[in-house]
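Notes follow once the structure below has been shown.
The values are calculated or read from the model by the stated rules, or taken from the named source; none is laboratory data. All figures in this text were calculated on a predicted structure; none of them were measured in a lab. All Cβ positions, even for glycine, are placed from backbone atoms using ideal geometry, and neighbour counts span all protein chains on display. Ligands, DNA and RNA are stripped out before the accessible areas are found, and what is left, the full protein with its side chains, is counted by its heavy atoms. Shrake-Rupley method; radii C 1.70, N 1.55, O 1.52, S 1.80 Å.
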Amino acid sequence: MNNNIKTALEVETIENLEALYDRAFMIVKEAVEAGSKNFGLATGGTMLPLYDRIRNSKLDFTKCQSVNLDEYVGLSKTHPESYIAFMKQQLFHEKPFKKSNLPDGEAIDPSAEAARYEELLKQLTLDFQLLGVGENGHIGFNEPGTSFDSGTHIVKLSDSTRLANARFFPSLDEVPTEAITMGIASIMRAKQILLIAVGEKKRMALEALLKDEVTESIPVTILKNHPNVIVLTDLAI
Ligand code: F6R
């Protein structure tokens, strides 16, 4: 089934996940072909089938820059769950960009690193931003309650986010407690956004996006105020 729900956002409901990720790949391909140069990238389980399709495609990013949403604070770059390691393994090894930017989670002064990253994001307009969404509605690591005016900043990860990410670590204790994340204002400057929300666990966040008013207590709802967002989901809301 492929319904287009009528809202200000462009929402495409595609129950078959293979078809959903084929569509996500097409949207990225169209952005590359339309001349997008600066790509905001995300990590997390949601992105794996998309990065798989990109790795196995002929898409060429060697004239493009990537800018990732976030990185854990205090995790070594060589730790397999650091976002730099994830990106190398899932994408960059096979699809190199001219330059790939991630926050440096090992920076001695994380606040200065967040300021450096925000400056970079002000210099370089993101043509395209890929987003997943947390069960609690977070985008990037902007947890509920984050100001919509926020730029790149250090965030203390909520218990629910650490629990959700514990599946990637040997134990909950090893999940970092802080991250550096692009802020909501940084994300909203992207010209085009593709949000992918798959699986029942994302229902609350997606329902809030489609039905609730825009509220800082559910960060993803801010996307209603963006002029160019496509939402791909397998959930009928
Ligand atoms: C990842 C990120 C997060 C994830 C979200 C969903 O860079 O910024 O917002 O998109 O936590 O994670 P998954 O896809 O693992 O459900």
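Summary table
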| quantity | calculated |
| --- | --- |
| Those residues of region 93-114 which are in contact with a strand residue (DSSP E or B) (Cβ under 8 Å, 6 or more places away or on another chain) and open to solvent by 30 Å² or more (accessible area, probe 1.4 Å), in sequence order | Lys98, Lys99, Ser100, Asp104, Pro110, Ser111 |
| Only listed residue being farther than 22 Å from Glu106 by Cβ, open to solvent by less than 40 Å² (accessible area, probe 1.4 Å) and modelled with pLDDT of 95 or more, chosen from Ala208, Ala164, Ala179 | Ala208 |
| Hits in region 151-161 - residues which are within 14 Å of the ligand (Cβ to nearest atom) and closer than 20 Å to Glu106 by Cβ | Thr152, His153, Val155, Leu157 |
| Residue that is farthest from Ile218 (Cα to Cα), among those in region 133-150 that are away from the ligand (no atom under 12 Å from the Cβ) and surrounded by fewer than 19 Cβ atoms within 10 Å (Cβ to Cβ) | Asp149 |
| Candidates Asp52, Asp60, Asp127, Asp22, filtered to the one that is modelled with pLDDT of 95 or more, open to solvent by 10 Å² or more (accessible area, probe 1.4 Å) and under 23 Å from Ile180 (Cα atoms) | Asp127 |
| Enumeration of residues in region 164-223 that are polar (S, T, N, Q), outside any helix (DSSP H, G or I) and more than 11 Å from the ligand (Cβ to nearest atom) | Ser171, Thr177, Gln192, Thr215, Ser217 |
| Cβ pairs under 7 Å, 6+ apart, first in region 220-233 and on the phi < 0 side of the Ramachandran plot, second of a type in the set (Phe, Trp, Tyr) | Ile222/Phe148 |
| Pick from region 17-54, criterion charged (D, E, K, R) and farther than 17 Å from Lys99 by Cα, ranking: farthest from the ligand (Cβ to nearest atom) | Glu33 |
